[in-house]
Amino acid sequence: MSQVMSWNRGIQRWKWVAVFLLPGLIGLTVFVLYPIVSSFWLAFQDWNLLQPPEFVGLSNFQELLADDDFWRALGYTLTFIVLYIPCVFVLGLALALFLNQKFPGMLMVRAATFLPVVASWVVVSLIWKWIFNPSYGLVNAGLNLIGINGPDWLFQPQTAVYAMVITSVWKDVGYIALLYLGGLQNISETYYEAARIDGANRWRCLRHITIPLLTPTMFFVAITLLINYFQMFEQVWLMPMRDSAADRQVEVIVTEVVKNAFSYSRMGYASAMSWVLFVLIFIITFVQLRLQKRWVHYEAE
Amino acid sequence: MFRRFLLLTLLCVLLAALPAAAQDTTTIRYFTFSAAPDHLEDLDTIIAAFQEANPGITVEVETAAFADYFTLLQAGVASGDAPDVFELNYENFVTYAANGALLDLSGMVSAEAPFYPRALEAFQYDGKQMALPATFSTVLLFYNADLFDQAGVSYPTAEWNWADAVAAAQSIRALGEDTWGLFSPVQFWEFYKKAGQNGECSFFNAEMTESTINSPACVSTLETMISFMNDDLMPTAAELSGVSDSELFLSGKLGMLVTGIWMFGAFQDATFNWDVQIEPAINQNAHHFFANGVAVSATTQNAEAAAAWAEFMASSETAATVRVESAWELPALNQPEYFEAYLEQTPPANRAAVFMALESPVTPPVIERQNEMQDAVNALLTQAVDGELTAQEALDQAKAELDALIQ
């Protein structure tokens with residue numbers, strides 16, 4: 001008898017849980033789960049939106065292997081990652097160490113470094129397009145002062161990549177510093193005290209206490225940065241000057257996916273490309289997780 | 001109690017709605033990119049005239065910006081919810097016709113409408129009239145008459161070739177460091193038109209089995225286009241620094257600009273005297289013929305009504321005169337009296353050049369993978385402009401890419 005009662009009460013309670021979860025679950029199903037499943041199905045179809053999808057087996061993937069544009073986009077994506085991640089990784093740590101000091105006005109400084117993070121990419125790209133303008137931009141004006149004739153930044157593919165990396169570092173470094181700052185403030189003061197008693201200088205403290213205890217944060221930063229930058233899109237879509245060589249040549253994987261889907265009407269091919277991107281990210285994250293034991297120290301251990 | 005009341009109310013609402021649905025009116029949905037945002041009231045005027053002439057048909061308008069229009073239209077077609085009647089530009093027309101998304105209008109529209117034959121042909125596919133030409137547009141040589149006077153050179157004439165234009169551009173360029181001679185963009189659309197001015201260069205062979213974009217005639221056409229920049233008569237993209245070609249012209253620092261007649265409105269505020277002329281020739285004259293058509297969806301439930309609206313929009317006198325008066329593109333009708341008001345407006349004084357250009361129309365090369373072709377050619381053209389590739393190398397690569405796209 002009492003079992004039935006509690007059974008009923010259980011259902012009653014779950015009914016309410018379901019009611020409150022439903023809005024979220026509906027959104028998740030319609031806008032996340034359904035597109036994921038259907039894009040997997042589409043990856044094996046040829047679909048131009050005008051005629052019903054046609055099953056083509058693995059041919060989208062075969063075409064991908066031979067597609068110069070895809071390899072070029074992958075090359076640019078990796079170039080971005082190689083240039084950007086070390087910069088933001090080190091500068092973020094330096095900024096966090098600086099922001100971790102205690103002196104008056106530091107709250108304002110912290111807020112200021114976080115402003116670019118919350119600004120939209122559209123605004124940021126407009127501002128930096130001005131800064132990098134070869135004729136009347138700040139960067140080339142500054143280079144002129146020291147006698148250097150600056151390049152055409154956002155007009156040429158090579159220099160445009162550097163300009164976009166600089167802008168991305170500027171925009172993201174505040175966020176990375178915030179993550180490090182959280183990690184820094186978690187490190188117990190007692191370690192430093194003990195080290196100082198033993199006569200350790202600041203460099204040794206940093207080298208043997210701060211950095212080892214910060215490795216869990218570094219691990220998190222490395223994983224999220226790689227995932228985010230394999231999916232980079234906004235800066236490449238917005239920053240190169242219209243109709244310039246940079247605009248017509250610099251593509252990363254996600255811009256290539258968007259072009260194939262919405263400009264070339266090749267939904268199946270674009271879906272295949274985004275699944276390849278998913279597999280790439282999955283493998284790299286998996287490898288990082290396996291390597292973590294070698295360099296990440298958790299305080300509890 | 002409350003629940004029963006709710007049900008009753010719902011029932012009443014449903015019953016009230018039923019007779020309205022049963023009434024004998026046909027509603028057709030019309031999807032357009034050219035009406036918004038400036039010509040919605042003009043479109044309403046045309047719709048009112050149509051509905052008065054065709055009682056029982058209601059036209060419902062949906063609009064989207066050009067950049068989003070084709071994505072939305074494709075989504076509509078893909079989900080089986082296509083609008084009954086919609087606008088298509090010529091390049092996209094072929095894709096839609098080839099994929100069976102359009103209704104054959106051959107038997108449904110009267111043969112008397114005075115379309116330009118070339119415009120009507122443009123919207124035929126496999127010998128069937130799959131859409132009606134609604135408007136056309138073209139590109140001309142715009143020139144700053146004040147700069148011509150200052151440089152002491154005579155204005156462009158209809159007999160000019162590009163060598164004449166280059167000579168004038170040199171004199172104007174000599175006026176000052178920041179005064180440029182001419183601007184003629186190096187991109188896909190300019191290239192196929194200048195190919196038409198060359199006469200020997202075409203992007204594909206007649207059977208569309210192979211690209212001929214690297215033929216000697218095409219290479220020399222591209223070399224001519226790039227020479228304007230290499231001879232320092234025309235600013236490079238970096239020299240423009242994000243200023244558009246039309247802004248440069250409006251600032252009074254550009255002698256000649258090759259651009260579309262849709263700029264007439266924007267140039268009204270110019271502080272100098274300007275006019276237009278047909279474009280210089282290479283071996284012959286050739287001008288863009290950009291056409292927008294009106295098509296009916298293959299899946300429409302109201303084919304008759306939809307075709308009637310498409311025809312009204314494309315060829316009725318009301319639609320034509322409203323378009324001309326409001327400068328909302330030009331109807332593709334060979335009916336000079338419709339254009340009298342248009343020809344009288346100045347500037348430019350030489351508006352007749354618009355109709356002279358129609359005597360040598362070039363339509364773009366069109367393949368099913370159109371956007372891919374345009375992007376591929378554009379990317380290679382910038383490499384040729386930057387000197388990374390010679391014209392020959394760029395077009396050899398273009399041929400390889402185009403051959404792959406038409407397979």
Tabulated pairs, segment B:83-106, first among the small types (Gly, Ala, Ser), second part of a strand (DSSP E or B), C-beta under 8 angstrom, 6+ apart or interchain:
B:Ala97/B:Tyr125; B:Ala98/B:Tyr125; B:Ala101/B:Ser297; B:Ser106/B:Lys128; B:Ser106/B:Gln129
Just the residues that are away from every other protein chain (no Cβ under 12 Å) and outside any loop (DSSP other than H, G, I, E, B), please, taken from segment A:55-70.
A:Phe55, A:Ser59, A:Asn60, A:Phe61, A:Gln62, A:Leu64, A:Leu65, A:Phe70
Please note which helices (runs of 4 or more DSSP H) are completely contained in segment B:303-401 and include at least 1 residues that are more than 14 Å from chain A (Cβ to nearest Cβ), of a type outside the set (Gly, Ala, Ser) and in contact (Cβ under 8 Å) with a residue 24 or more places away in the chain.
B:303-315, B:317-325, B:352-357
On the basis of being assigned to a helix (DSSP H, G or I), away from chain B (no Cβ under 14 Å), more than 20 Å from A:Ile281 (Cβ to Cβ) and not aromatic (Phe, Trp, Tyr), does A:Leu21 make the cut?
yes
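Residues are listed down the side, and each one gets a yes or a no for (1) assigned to a loop (DSSP other than H, G, I, E, B); (2) in contact with a helix residue (DSSP H, G or I) (Cβ under 9 Å, 6 or more places away or on another chain); (3) within 30 Å of B:Val385 (Cβ to Cβ):
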| site | (1), (2), (3) |
| --- | --- |
| A:Pro86 | no, no, no |
| A:Leu91 | no, yes, no |
| A:Leu97 | no, yes, no |
| A:Met108 | no, no, no |
| A:Val123 | no, no, no |
| A:Tyr136 | yes, yes, yes |
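Looking only at residues in segment B:164-176 that are small (Gly, Ala, Ser) and modelled with pLDDT of 95 or more, which one is surrounded by the fewest Cβ atoms within 10 Å (Cβ to Cβ)?
Across segment B:164-176, the extreme among qualifying residues is B:Ala174.
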Within segment B:299-320, is even one residue crowded, with 18+ Cβ neighbours inside 10 Å, at pLDDT below 90 and touching a Phe, Trp or Tyr at 6+ places or on another chain (Cβ under 7 Å)?
no
Checking A:Ala163 against (1) surrounded by fewer than 19 Cβ atoms within 10 Å (Cβ to Cβ); (2) modelled with pLDDT of 95 or more; (3) within 14 Å of another protein chain (Cβ to nearest Cβ), only one condition comes out false. Which one?
(1)
Quick check on A:Ala73: is it touching a residue at least 12 places away in the same chain (Cβ under 8 Å), away from chain B (no Cβ under 13 Å), over 30 Å from A:Arg207 (Cβ atoms) and aliphatic (A, V, I, L, M)?
no
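For (1) charged (D, E, K, R); (2) outside the structural domain of B:Asp42 (by TED's automatic domain parsing), each residue gets a yes or a no:
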| residue | (1), (2) |
| --- | --- |
| B:Ser244 | no, yes |
| B:Ile261 | no, yes |
| B:Thr271 | no, yes |
| B:Pro280 | no, yes |
| B:Asn283 | no, yes |
| B:Ala308 | no, no |
| B:Phe312 | no, no |
| B:Thr318 | no, no |
| B:Glu329 | yes, no |
Can you name the number of the only condition in (1) farther than 20 Å from A:Ala222 by Cα; (2) at pLDDT below 95; (3) under 17 Å from the mean Cα position of the chain (by Cα) that A:Phe89 fails?
(1)
Counting only residues that are part of a helix (DSSP H, G or I) and within 13 Å of chain B (Cβ to nearest Cβ), how many does segment A:140-160 have?
9
Taking the condition of being touching a residue at least 24 places away in the same chain (Cβ under 8 Å) and under 17 Å from A:Gln101 (Cβ atoms), how many residues in segment A:207-223 meet it?
2
Quick one: in segment B:177-218, of everything that is β-branched (Val, Ile, Thr) and surrounded by fewer than 20 Cβ atoms within 10 Å (Cβ to Cβ), which residue is nearest to the other protein chains (Cβ to nearest Cβ)?
B:Thr179
Within segment B:22-33, identify whether any single residue is assigned to a helix (DSSP H, G or I) and modelled with pLDDT under 55, and answer yes or no.
yes
Counting only residues that are surrounded by fewer than 18 Cβ atoms within 10 Å (Cβ to Cβ) and assigned to a helix (DSSP H, G or I), which one in segment B:59-72 is nearest to the other protein chains (Cβ to nearest Cβ)?
B:Thr71
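Show me the helices (runs of 4 or more DSSP H) entirely contained within segment A:201-301 in which 1 or more residues are within 14 Å of another protein chain (Cβ to nearest Cβ) and surrounded by fewer than 19 Cβ atoms within 10 Å (Cβ to Cβ).
In segment A:201-301, the matching helices (runs of 4 or more DSSP H) lie at A:234-238, A:253-258.
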Sort out for me the helices (runs of 4 or more DSSP H) sitting completely within segment B:170-288 that have 1 or more residues that are more than 23 Å from the chain's Cα centre (by Cα) and closer than 25 Å to B:Asp386 by Cα.
B:216-230, B:237-240
Expected output for segment B:189-200 (first residue over 21 Å from B:Ala379 (Cα atoms), partner part of a helix (DSSP H, G or I), Cβ below 6 Å, 6+ apart or cross-chain) is B:Asn198/B:Ala217; B:Asn198/B:Thr221; B:Glu200/B:Ala217
Give me the residue from segment B:271-288 that is among the hydrophobic types (A, V, I, L, M, F, W, C) and surrounded by fewer than 24 Cβ atoms within 10 Å (Cβ to Cβ) and, out of that set, farthest from B:Phe86 (Cα to Cα).
B:Phe272
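The values are calculated or read from the model by the stated rules, or taken from the named source; none is laboratory data. The shown structure was predicted, so the numbers you read here are calculated from the model rather than taken from an experiment. Positions of Cβ are generated from backbone atoms using ideal geometry, with glycine treated the same way; all protein chains shown enter the neighbour counts.
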